[in-house]
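Remarks on the structure that follows.
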């Protein structure tokens, strides 16, 4: 066998494997940020993609998650997750390389068709590889360090990804202005770089040890797996809420980048900066929301973070009046900060509440049904959003306040809705309905929204006071950043003494 499994892993094997898992984390994140997000959307727009195609591109990765089901059977049959991960993720990287060849081989319409085909294949291979990878990591990493290890890996990979996204956006903007006649080749360079980093990550994946799989004696029937959570009244209410709210997210988030690039005519660099700001805020507030969900409940957090996200969608409508104006940039800055805060609490609690409400001993198929519902919702939403945007593309609704008098006259435009603004309104309505459905979900420890808001603001004030104390101290700036805002006062003093000694 090319990649043999091991009956017993030594401490040295586990330690070396964890190092390779960490290296793969931030190197593969570089690959992802060079080939997805604003770069992918800008590339598709360059080849003439309309809003329906953009919605389709956003839906393809989620819809391809259905390949996780046959992958489970493949894993049970082959019983070697490293082989499945390495080969499927290698084909994933080959698809990235093939996308980089599109500007050399195809004109606009044909290039867009091949882009969709290659992204579909890439998403299928990613779904297969990541499913095997998750099962593999579950058996490899000791449970007592699982959370700590992956939080550190996530922090490193996210930090590397943010820097990569920013540099990629700057590169494309400079390339487009410098080499106007060969603009497409700039995207090819990024995809080729992504392929190189991807193959480096494959090397580290191949070096990770794999323990022998445990055999499962009892098999659960598929029909019972799907029907049992739906017969549980409380969990059924949760599934309805999740379906509606993931639909709201899928109907809006994939189009925010298009909205900034097309309607507001912002540069890729500026769009990437806004996304980076949102992700930094998201990471900053993730632990705060986590502590509140532990002290109270996930539903209590969702009762605050979900309405905040819906308000952010509403604010997008006012970023144009009807074109870009002097308040557009400050408003986008505020929106991305609030979206980072809201999505930190929302994404954390959406996954945790499913895990908490699933009965013991039945969590596997309860969570499997939850993934099925959310994948369907998040998959069809961007496609329907693209169709709605295409339908409303030439539509306009405006409300103007007119004033006429013998001395003067004037008008003030109070509201102007065009194109994507209409399905933002649709998403807001669905989001509000989802919030009302959340009230039917019962979870132990839930409290009134006012208590969560007060606790949230209290934590913010404590963090700001800590920041001001750090600013007045002699602790180096990098150290201050690393301990703000979650480290305790006692550990802060220890860090300060350690720096003085050094």
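The values are calculated or read from the model by the stated rules, or taken from the named source; none is laboratory data. Predicted, not measured: the structure shown is a model, and the values here were computed from it. Note that each Cβ is placed from the backbone with ideal geometry, even for glycine, and that neighbours are counted across all protein chains shown.
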Review point. If you scan the stretch 400-413, which residues turn out to be surrounded by 10 or more Cβ atoms within 10 Å (Cβ to Cβ) and either assigned by TED's automatic domain parsing to the domain that holds residue 57 or modelled with pLDDT of 70 or more (or both)?
Key: 400, 401
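Residue-wise test of (1) surrounded by 15 or more Cβ atoms within 10 Å (Cβ to Cβ); (2) in contact with a strand residue (DSSP E or B) (Cβ under 7 Å, 6 or more places away or on another chain); (3) over 20 Å from residue 280 (Cα atoms); (4) in contact (Cβ under 8 Å) with a residue 60 or more places away in the chain.
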position: 298; (1), (2), (3), (4): yes, no, yes, yes
position: 305; (1), (2), (3), (4): yes, no, no, no
position: 325; (1), (2), (3), (4): no, no, yes, no
position: 337; (1), (2), (3), (4): yes, no, no, yes
position: 349; (1), (2), (3), (4): yes, no, no, yes
position: 357; (1), (2), (3), (4): yes, no, yes, yes
position: 385; (1), (2), (3), (4): yes, no, yes, yes
Practice item. Would you check if residue 371 is over 28 Å from the mean Cα position of the chain (by Cα), assigned by TED's automatic domain parsing to the domain that holds residue 426 and modelled with pLDDT under 85? Key: no
Exercise for review: Please list, ordered by first then second residue, the pairs with beta carbon atoms under 9 Å, 6 or more apart or interchain, first in the stretch 116-128 and not assigned by TED's automatic domain parsing to the domain that holds residue 101, second at pLDDT 95 or above.
Suggested key: none
Check your understanding: If we scan the stretch 136-147, do we find a residue that is not in a helix (DSSP H, G or I) and not assigned by TED's automatic domain parsing to the domain that holds residue 282?
Key -> yes
Practice item. Filter the stretch 287-299 down to residues that are under 16 Å from residue 237 (Cβ atoms) and touching a helix residue (DSSP H, G or I) at 6+ places or on another chain (Cβ under 7 Å) and give me whichever is modelled with the lowest pLDDT. Key: 298
Review point. What number of residues within the stretch 225-237 are modelled with pLDDT of 80 or more and either closer than 14 Å to residue 306 by Cα or surrounded by fewer than 16 Cβ atoms within 10 Å (Cβ to Cβ) (or both)?
Key: 3
Review point. Which one of these is surrounded by 15 or more Cβ atoms within 10 Å (Cβ to Cβ), part of a helix (DSSP H, G or I), more than 23 Å from the chain's Cα centre (by Cα) and at pLDDT 85 or above: 104, 97?
Key: 97
Exercise for review: Go through (1) crowded, with 18+ Cβ neighbours inside 10 Å; (2) not in a helix (DSSP H, G or I) one by one and return the number of the condition residue 321 breaks.
Suggested key: (1)
